[in-house]
Amino acid sequence: MKKRLVSLITMCLVFGLGFSSVSAHTPPGLAKKGGLPPGIQKRFIQQEKDTKEYQTTIKDIDTKERRIVIEDGTAILSLFVSNKAKIELNKKTAKFEDIRKNDEVFIKLDKDNTITELKATREKETTYTVEGKLLLISKDQNQVYIYKDNKLLNYQLKSDLVVRINGEKRKIDDLIQGMELKLTVEGDKVKLIEGSKDEETRKLEGKIIAKDDGRKPLIVIQIDNDIKVFYVEEDVNMAEVKVGKEAVIYIQDNKVINIKMK
């Protein structure tokens, strides 16, 4: 009888120890839920992959150094964006220069805390214009400085900036200090600069090959082997302009102000 009792006690101890060793690996309640709680599970997965993810707002940005500043609790993080990072804006492929302060972003970081993926979203931007005199254009900072109402204003330039002077598409280097400018600003970046400057009267000679006497009169003139089209001031007498004849035209601000037939 004693031998049977000892055997039963021994079996119970063995069974109990085995159960305890299994239970030590799985805290009560976790087995039914299929693993770790979501918060712990997320951190565990991030550590396994050597990556981190954030859904946050850009507090500041340095396009020259390719860095963005975000908040993580009470901490302020300045993060470098890899040159090979995948970047999107409103679900479209974008450049880092297109990303702005206050954009909502989802970012992925590698084990060195370098951003390898950045997806930004932004609400539809407002567009407005501002006028002033050009003081300085800084290519290093990618900014334009203008003087308006006794105040110095500066704006960031878009990567696809368009420059026009007297209506013609020009390069940013053609802008001159003191020139009157009209800036079209989208969000907080300039997408169009329109400048105006007085031009001296130009004299050209050639053959009139076509004309239009309509509401916006114009002429087509052949100068050597080049064909040019010019609008004509309304006070020019188009009746005296003869197609197929040689003429001397006078141009100011890219518009014909006088025509003399030969």
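For the reader, a short list of remarks on this structure follows.
- Thr114 long-range amide H proximity, modeled H, under 5 Å: none
- Taking θ as phi - 60° and the Karplus parameters 6.51, -1.76 and 1.60, the scalar couplings of region 113-123 work out to 6, 9, 6, 10, 8, 9, 10, 10, 10, 8, 5 Hz in sequence order, x denoting glycine and proline.
- Cβ-Cβ FRET estimate between Glu65 and Ala239, R0 fixed at 51 Å, reported to 0.05: 0.20
- Spin-label model, Tyr145/Asp253: points 7 Å from Cα along the beta carbon direction are separated by 3.0 nm.
- Using 0.36 nm per residue and subtracting the Cα-Cα separation, the extra length available between Tyr128 and Ile176 on full extension is 15.0 nm.
- Rounded to 0.05, the FRET efficiency of the Asn154 and Lys95 pair, given R0 = 25 Å and the Cβ-Cβ distance, is 0.70.
- Classification of region 210-262 by its C-alpha gyration tensor yields a rounded form. The axis ratio a/c (a ≥ b ≥ c) stays under 1.5.
- Taking 0.36 nm per residue of separation and subtracting the current Cα-Cα distance, fully stretching the chain between Leu218 and Lys169 would add 15.6 nm.
- Under 5 Å from the amide H of Leu136 lie the amide H atoms of Tyr145, each residue being 5 or more positions distant or on a separate chain, with H modelled from the backbone and absent for Pro and chain starts.
- Extending 7 Å from the Cα toward the beta-carbon at both Phe80 and Ser196 defines two label points whose distance is 4.8 nm.
- Extension gain, Ile227 to Asp188: 0.36 nm times the residue separation minus the Cα-Cα distance gives 10.0 nm.
- Using Cβ point charges alone (K and R +1, D and E -1), the dipole size of region 115-242 about the Cα centre works out to roughly 360 debye.
- The dipole here belongs to region 47-121: it is taken about the Cα centre, uses +1 on the Cβ of Lys and Arg and -1 on the Cβ of Asp and Glu, and is about 300 debye.
- Charge tally for Leu192 (other residues, Cβ to Cβ under 15 Å; Lys, Arg +1; Asp, Glu -1): -1.
- Estimated vicinal HN-Hα couplings, Hz - region 225-231 in sequence order (Karplus 6.51, -1.76, 1.60; Gly, Pro = x): 9, 10, 10, 10, 10, 9, 6
- Shape call, region 127-196: gyration tensor on alpha carbons, a/c limit 1.5: rounded
- In order through region 80-92: 3J(HN,Hα) via Karplus (6.51 cos²θ - 1.76 cosθ + 1.60), integer Hz, x for Gly, Pro: 7, 9, 4, 5, 9, 5, 7, 10, 9, 10, 6, 6, 10
- Centroid-to-centroid, using Cα positions, region 195-262 and region 75-152 are 45 Å apart.
- Between the amide H of Lys197 and those of Asn166, distances stay under 5 Å, these residues lying 5 or more places away or on another chain, with hydrogens modeled in the peptide plane.
Laboratory data are not the source of any read-out in this text; all were calculated from the coordinates shown. Remember, predicted model here, so these are calculated numbers, not experimental data. Quick reminder, even Gly has a Cβ in these numbers, built from the backbone with ideal geometry, and neighbours come from all protein chains shown.
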